[in-house]
Amino acid sequence: MAESSQPNPNSNWTHVYVDGSCSHNGTTNAIGGIGVWFEEKHPLNTHKTLVAERTTNITAETAAAIEACKLCLRHDIRRVKIFTDSKYLISCMTEHLPKWKGNGWLNAKAKPVVNQKLLKELDTLMHQLEVKFEYTPGHQGVHGNEKADELAKIGSKIYSAT
């Protein structure tokens with residue numbers, strides 16, 4: 001049987017792996033790092049340090065997704081599949097976000113959503129792109145995830161306090 005002449009819906013998606021790292025997670029001296037990895041030797045592969053009022057592994061992971069979206073927008077990439085090992089980030093952006101927005105950014109316990117500043121920024125960027133999130137297991141030998149993790153760890157180590 002001949003192959004379908006319809007285009008593969010996944011063929012024009014740019015794949016990017018994101019990861020966050022945080023030394024001293026959840027403490028006042030926490031330093032986060034973000035890693036964004038497209039493919040081997042890709043010019044947009046990125047690592048950065050995340051220093052914020054509240055730095056955790058999840059804020060770093062969210063910041064990595066934000067950075068990936070910003071890079072895509074700057075380089076006219078409009079369809080991106082973001083691979084992350086954070087089920088929490090995926091559920092925030094795909095399940096909880098519509099409820100939070102409709103509920104004035106309050107969670108099910110009527111408390112302000114944690115990390116809402118970052119989540120709102122990611123939501124805004126996602127309205128400028130077509131974004132899909134896909135879970136990838138962390139620390140299981142998935143090449144792209146391991147590379148994003150390496151970049152995130154570099155980001156969390158390059159910061160020096162001044």
**Asked** How about segment 72-94: which of its residues are among the basic types (Lys, Arg), within 17 Å of TYR17 (Cβ to Cβ) and out of contact with any Lys or Arg (no Cβ under 6 Å at 6 or more places or on another chain)?
**Response** ARG79, LYS87
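Any idea which residue in segment 57-80 is surrounded by the most Cβ atoms within 10 Å (Cβ to Cβ), counting only those that are in a loop (DSSP other than H, G, I, E, B) and free of Cβ contacts under 8 Å to residues at least 40 places away in the same chain?
Filtering segment 57-80 for residues in a loop (DSSP other than H, G, I, E, B) gives 75-78.
Now drop any that are not free of Cβ contacts under 8 Å to residues at least 40 places away in the same chain, which leaves 75-76.
Values: HIS75: 11, ASP76: 6.
Step by step, filter segment 57-80, then rank; the result is HIS75.
Of these, HIS139, HIS143, which one is at pLDDT below 95 and more than 15 Å from ALA65 (Cβ to Cβ)? So that I can check it myself, show each step before the final result.
Working: HIS143 fails: at pLDDT below 95.
Sole residue among the options that is at pLDDT below 95 and more than 15 Å from ALA65 (Cβ to Cβ): HIS139.
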**Message:** Return the residues of segment 1-32 that are at pLDDT 95 or above and either crowded, with 23+ Cβ neighbours inside 10 Å or of a type outside the set (Val, Ile, Thr) (or both); say none if nothing qualifies.
**Reply:** TRP13, HIS15, VAL16, TYR17, VAL18, ASP19, GLY20
**Request:** Sort out which residues of segment 97-113 are farther than 20 Å from LYS87 by Cβ and either in contact with a strand residue (DSSP E or B) (Cβ under 8 Å, 6 or more places away or on another chain) or of a type in the set (Val, Ile, Thr) (or both), and write them in order of number.
**Result:** TRP105, LEU106, PRO112
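Give segment 15-47 a look and list any residue that's of a type outside the set (A, V, I, L, M) and in contact with a Cys (Cβ under 7 Å, 6 or more places away or on another chain), or say none.
Restricting attention to segment 15-47, the residues satisfying the condition of being of a type outside the set (A, V, I, L, M) are 15, 17, 19-29, 32-33, 35, 37-43, 45-47.
Matches in segment 15-47: GLY32 only.
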**Asked** Which condition number in (1) more than 19 Å from ILE34 (Cα to Cα); (2) out of contact with any strand residue (DSSP E or B) (no Cβ under 9 Å at 6 or more places or on another chain); (3) not in a helix (DSSP H, G or I) is the one that HIS139 fails?
**Response** (1)
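Name the single residue, out of those in segment 102-119 being assigned to a helix (DSSP H, G or I) and free of Cβ contacts under 8 Å to residues at least 12 places away in the same chain, that is surrounded by the fewest Cβ atoms within 10 Å (Cβ to Cβ). Before the answer, list the steps.
Here is the first cut: in segment 102-119, the residues assigned to a helix (DSSP H, G or I) are 102, 116-119.
Filter once more, keeping what is free of Cβ contacts under 8 Å to residues at least 12 places away in the same chain: 102, 117.
Values: GLY102: 9, LYS117: 14.
Among them, the one singled out is GLY102.
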**Request:** Run ASN115 past the list (1) on the phi > 0 side of the Ramachandran plot; (2) modelled with pLDDT of 95 or more and report the number of the one that doesn't hold.
**Result:** (2)
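Give the residues of segment 81-101 that are farther than 30 Å from HIS42 by Cβ and buried (at least 16 other Cβ atoms within 10 Å of the Cβ), sorted by residue number.
Start the filter on segment 81-101 by keeping residues that are farther than 30 Å from HIS42 by Cβ, which leaves 95-96, 98-101.
HIS96, TRP100 - these are the residues of segment 81-101 that are farther than 30 Å from HIS42 by Cβ and buried (at least 16 other Cβ atoms within 10 Å of the Cβ).
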**Request:** Return only the number of the condition from (1) more than 22 Å from ARG54 (Cβ to Cβ); (2) buried (at least 16 other Cβ atoms within 10 Å of the Cβ) that ALA152 does not satisfy.
**Result:** (1)
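The values are calculated or read from the model by the stated rules, or taken from the named source; none is laboratory data. All values derive from a computational prediction rather than experimental measurement. FYI the Cβ positions are ideal-geometry reconstructions off the backbone, even for glycines, and counts take in every protein chain you see.
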